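These notes concern the structure reproduced below.
FYI, it's all coordinate maths here, none of it is from the lab. Remember, it's a predicted structure, so these values are computed and weren't measured experimentally. Cβ placement follows ideal geometry from the backbone for every residue including glycine, while neighbour counts extend to all protein chains displayed.
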């Protein structure tokens, strides 16, 4: 942001102090140093790093507590290139099974982590600074909870999920996907930029296992209707009924723990929730 | 006279005799030559007639454009021939139009439909039963259009992809209340919408007036689409600017993604199935990828860049253009074709790279063999004529307008032909002079009927026409050399 060198400088100083000053390892990052404008164009070529395929994703830095350590050392010597690749896929005891797409400052992520202590949860955020904030918070919370091993199952990556979801996740890898308070993109021209669309739902269906659930929440009724319509039209999904929805343990958390959710609460606005279940793929047309 | 940006061969047997028809798109014209010597040109002549017949179908602004004195003819960017060899499906770039032509018995092309899409089509394919055109567009979507437009098209209403469009047109309801929490920007958009709606000026795009069904979509520009059937199962393969190759089921289950073929590090521009069913893909990477695509498994990478560098280094006039360090040397694979037969049970393809005056003959043996066949100009497109059981002939469209290995500089010796023919005997490609002389008209003279608008000197033209001509030329160059442009430029927009 040109014209605000002081702001940038302050941010840099602050961020540097987090890494160099040991006493700050356990202190939570301050949001004010990580704010970033709310929109990102999902179509443009951001300088993103992403693996060519899920096999090549190195999760070990994200979930160090879940790596198979010894295995790694043994394999290093006299290894062929192919084996190195398979090792990074197999080098983890677990795979990510919950994705919070557009996780923002990670409110939901940090609420879910203790609820599913045995499940790897990943926040995905397209904005660099916001991603950094969540990563710093993960680090701080892990330091604070050293004794219990808490928050080892939560992490965050910067990625454009609308383009690169299949680069990170195998087919049917995920059990839950959260889409919380996504950018509503009011302009009709921008509707393809919405995080839910009929065509994009095919990719959610690809990474979700049958029975897996997509959770959506928004305070924009129009967007809610849009999401419902596009998921209901997609043959791979069915909407959960009211009762089933309210029995889902994540729904209350989703309403209360997201940053946007809290803002809406303060403004006394409405929140619209819809859940969709990934159905089994039907047999091929000629093979009924 | 401009080069042929696309060529296709239509081979068919009628009344027991075998014939071929070569169809080429040169700028905004279609040129035809048949094996029995018939020559035809389509330069939009029956366009006016058609328009009068279907006047109601055309949006008003279209008619205005066509009747203006500076009417431009859009450039063809894709050609496909129906499996039954009766139709040519073509795309014109500037007007984003999918056009279907019937090949009449006297080899005239009769345009039977024009369907202008909302987004520019980048690639087309036909389903094996010829019922449906698959149209892959710049916004990442694949639409299904019936090859033959049904009669009820004019009154077609419900659109698969824009279901709430009608509702928005009826009455605008603000998308959010003032209680809605979002950024200032969103709020501004919303206020603007409310203001416009109160003045009754809410603009909504006019829906397309013909049947089209959204099948699938990437969030990236699509570059190619292939339809194929394996053991009774239909598949759609799509490639995009973001390294992805997606394998989806065919309609009516095109919403199901079977797998991805992941291995490219740059854009993918072309997909090609070999005779025995391997998928070969290429684009901005130095190599081709060979896939067991049903499993999404990368079998092999075949380097093409080395062959390009060696070839350029051997050309006295081109060697100097090569950088000393070829480490970062980039190629853009712009075409891959499977030869019609597989000699000795070996899968083989011809490959061309954008702006490279050669084609590469790749045999998928172990290890793969890459041979280079030099051309008179940059390779643009290839089509095959299977002359006999043992011989296969490739007709290659070459750029006679630009210097070899250059995509903008005009060459001095434009007199060369626009086609070169090669036949393959026992794995060797040699020039086929006989066919070249048979195609003399097609290569050097067609089209006959020609407003030589593109070639006329600027001095002769009014300002408007000059501008129109420059616009034309740019559009044409984009069609000829648009592949390298798919490469991402680094550092475009980090902090926005």
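What the table shows:
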| item | result |
| --- | --- |
| Cα-derived Rg to Rh of region B:311-376, Kirkwood definition | 1.03 |
| Kirkwood hydrodynamic radius of chain A, from inverse mean 1/r over distinct Cα pairs, in Å | 20.4 Å |
| Semi-axis lengths (Å, descending) of the ellipsoid that matches the C-alpha gyration tensor of region A:122-176 | 24, 16, 6 |
| Most fluctuating residue given options A:32, A:271, A:94, as computed from a GNM of chain A linking Cα atoms under 10 Å | A:32 |
| Inter-chain shielding of B:254-262 (mean C-beta neighbours from other protein chains, 10 Å cut-off) | 6 |
| Directionally averaged shadow of region A:126-215, computed from the convex hull of its alpha-carbon atoms, nm² | 7.3 nm² |
| Cα gyration tensor shape for region B:352-396, rounded if a/c is under 1.5, else prolate or oblate | oblate |
| Percent antiparallel among DSSP beta bridges (both partners in region A:172-288, rounded to 5) | 60 percent |
| In nm, spacing of pseudo-spin labels at residue B:148 and residue B:467 (7 Å Cα→C-beta vector) | 4.4 nm |
| Tensor-based shape of region B:200-318 (alpha-carbon gyration tensor, a/c under 1.5 rounded, otherwise prolate or oblate) | oblate |
| Residue-averaged beta-carbon neighbours from other chains (10 angstrom radius) around B:214-224 | 4 |
| Interatomic Cα distance distribution for region B:68-131, bins of 5 angstrom, percent | 4, 18, 25, 24, 17, 8, 3, 1, 0 |
| Segments B:279-288, A:167-176 sorted - mean Cβ within 10 Å per residue, highest first | B:279-288, A:167-176 |
| For chain A, share of DSSP beta bridges that run antiparallel, in % to the nearest 5 | 35 percent |
| Sequence-separation-based contact order of region B:230-344, relative, with Cα cut under 8 Å and 6+ spacing, percent | 20 percent |
| For A:160-173, mean number of other protein chain Cβ atoms within 10 Å | 3 |
| Most fluctuating residue given options A:166, A:51, A:182, as computed from a GNM of chain A linking Cα atoms under 10 Å | A:51 |
| Rg [Å, one decimal], Dmax [Å, integer] - region A:163-288, C-alpha atoms | 15.1, 55 |
| Isotropically averaged projected area of region A:101-152, using the convex hull of Cα atoms (one quarter of hull area), nm² | 3.3 nm² |
| Rounded to whole Å, sorted largest first: equivalent-ellipsoid semi-axes of region A:249-288, Cα gyration tensor | 38, 10, 6 |
| Peptides ranked, highest mean first, by Cβ atoms within 10 Å: ranges A:145-154, B:257-266 | B:257-266, A:145-154 |
| Cα shape, region B:280-428, gyration tensor, a/c 1.5 rule | oblate |
